[in-house]
1. Could you check the range 7-33 and list, in sequence order, the residues that are assigned to a loop (DSSP other than H, G, I, E, B) and buried (at least 17 other Cβ atoms within 10 Å of the Cβ)?
2. Out of the range 144-171, which residues are free of Cβ contacts under 8 Å to residues at least 40 places away in the same chain, closer than 27 Å to Asp95 by Cβ and surrounded by fewer than 15 Cβ atoms within 10 Å (Cβ to Cβ)?
3. Go through (1) more than 30 Å from Val146 (Cβ to Cβ); (2) open to solvent by less than 20 Å² (accessible area, probe 1.4 Å); (3) in contact with a helix residue (DSSP H, G or I) (Cβ under 8 Å, 6 or more places away or on another chain) one by one and return the number of the condition Lys84 breaks.
4. If you check Tyr75 against the conditions, is it out of contact with any Leu (no Cβ under 7 Å at 6 or more places or on another chain), closer than 30 Å to Lys22 by Cα and among the hydroxyl-bearing types (Ser, Thr, Tyr)?
5. Determine, yes or no, whether Lys59 is farther than 30 Å from Arg99 by Cβ, open to solvent by 60 Å² or more (accessible area, probe 1.4 Å) and in contact (Cβ under 8 Å) with a residue 40 or more places away in the chain.
6. Specify which of the listed residues (Arg115, Arg133) is among the basic types (Lys, Arg), surrounded by 11 or more Cβ atoms within 10 Å (Cβ to Cβ), part of a helix (DSSP H, G or I) and modelled with pLDDT under 80.
7. Is at least one residue of the range 34-44 free of Cβ contacts under 8 Å to residues at least 60 places away in the same chain, within 21 Å of Asn83 (Cα to Cα) and surrounded by fewer than 12 Cβ atoms within 10 Å (Cβ to Cβ)?
8. Of the numbered conditions (1) open to solvent by less than 70 Å² (accessible area, probe 1.4 Å); (2) assigned to a helix (DSSP H, G or I), Lys97 satisfies every one except a single condition; which is it?
Amino acid sequence: MNHSLRISSPAERDWYSDDTKKALVPLVKEIDSHNKKVDIHEEARARVESGDIESISSKDLFEGPASNTYRFDLYGKALELCNKVKEFSQLHVADHKKRHNEIVDQLESWQVRIREELTKLGYVEETLHQGHRQSVNLFYRMHPEVVKLLLLEQSFKHPDYPSGGNRAVLIDGMNRLRKQCLAT
């Protein structure tokens, strides 16, 4: 149940634009701060649950970091951070698509460059047998730089969407906590 309070920080990628990097820094700091509060809450709850009943004060149970009030506030902050990570993911996807387009452009320039070199060697597309044209047109794919770009292009073909956490689990936890508090 406690794992749902943690928010995953998006990792910085080397292909991020300056705006995305600027947006990432405060988001990661805010998420780290929240996750530290979750750690404090978990430690306090473990201390209250396993401690000697005579050594626990009412303040520990109802006002401190082990309290349901503190936990409810953590759920609210976690939802807020999920929304911020979702907003950040739009920047991430835009940079991802931009990087993919750059790779595709590099592949096309390599294709043109190698095709020009083949033309200089005497390969004229019109004089080639129909079956050989495709082979000559794909010849550029054997160049080591192109092979690297093709692998990069495959990894950038479909964007990944950073997610801070599962909103449904957070909302379910908040609802459970609300029902628990209203039942007493």
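The values are calculated or read from the model by the stated rules, or taken from the named source; none is laboratory data. The shown structure was predicted, so the numbers you read here are calculated from the model rather than taken from an experiment. Backbone-built Cβ (ideal geometry, glycine too); neighbour counts: all protein chains shown. What goes into the accessible areas is simple: the full protein's heavy atoms, side chains included, and nothing from ligands, DNA or RNA. Shrake-Rupley method; radii C 1.70, N 1.55, O 1.52, S 1.80 Å.
1. Scanning the range 7-33 gives Ile7, Ser9, Pro10, Tyr16.
2. Correct list: Pro144, Glu145, Val147, Lys148, Leu151, Gln154, Ser155, His158.
3. Lys84 satisfies all of (1) more than 30 Å from Val146 (Cβ to Cβ); (2) open to solvent by less than 20 Å² (accessible area, probe 1.4 Å); (3) in contact with a helix residue (DSSP H, G or I) (Cβ under 8 Å, 6 or more places away or on another chain) except (2).
4. no
5. Here the answer is no, as Lys59 does not meet what is asked.
6. Exactly one of Arg115, Arg133 is among the basic types (Lys, Arg), surrounded by 11 or more Cβ atoms within 10 Å (Cβ to Cβ), part of a helix (DSSP H, G or I) and modelled with pLDDT under 80, namely Arg133.
7. For the range 34-44, residues free of Cβ contacts under 8 Å to residues at least 60 places away in the same chain, within 21 Å of Asn83 (Cα to Cα) and surrounded by fewer than 12 Cβ atoms within 10 Å (Cβ to Cβ): present.
8. Status for Lys97: all satisfied but (1).
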